[in-house]
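Here is the structure we will look at.
The values are calculated or read from the model by the stated rules, or taken from the named source; none is laboratory data. Computed from a predicted model, the values in this text were never measured in an experiment. All Cβ positions, even for glycine, are placed from backbone atoms using ideal geometry, and neighbour counts span all protein chains on display.
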Ligand code: SF4
Ligand code: SF4
């Protein structure tokens, strides 16, 4: 995995789209990302209407 979603909870309007679109159910309603399941696809960031999610390079 090369990048992970970083959620700006202040920009989020809790629409739930990221949770709905995530193919791996890796992000929940509280916007916590479970990195065990997240594959870094970026769909959540792409679908977020508030641009509250940005993909950032994972730091090792
Ligand atoms: S990057 Fe992909 S797998 Fe990870 S939380 Fe977003 S939609 Fe789900
Ligand atoms: S898609 Fe964006 S605005 Fe909607 S719940 Fe997810 S982070 Fe929040």
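Below is a table of values for the structure above.
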item	result
Number of positions in the stretch 5-25 that are more than 8 Å from ligand 2 (Cβ to nearest atom) and touching a strand residue (DSSP E or B) at 6+ places or on another chain (Cβ under 6 Å)	2
Checklist (1) at pLDDT below 95; (2) over 9 Å from the mean Cα position of the chain (by Cα) applied to residue 23, failing item	(1)
Residues being more than 9 Å from ligand 1 (Cβ to nearest atom), exposed (fewer than 15 other Cβ atoms within 10 Å of the Cβ) and without any contact (Cβ under 8 Å) to a residue 40 or more places away in the chain - total across the stretch 39-56	2
Hits in the stretch 12-38 (condition: assigned to a helix (DSSP H, G or I) and surrounded by 12 or more Cβ atoms within 10 Å (Cβ to Cβ))	17, 18, 19, 21
Residue match in the stretch 39-55 (condition: more than 10 Å from ligand 2 (Cβ to nearest atom), in a strand (DSSP E or B), under 11 Å from the mean Cα position of the chain (by Cα) and modelled with pLDDT of 95 or more)	yes
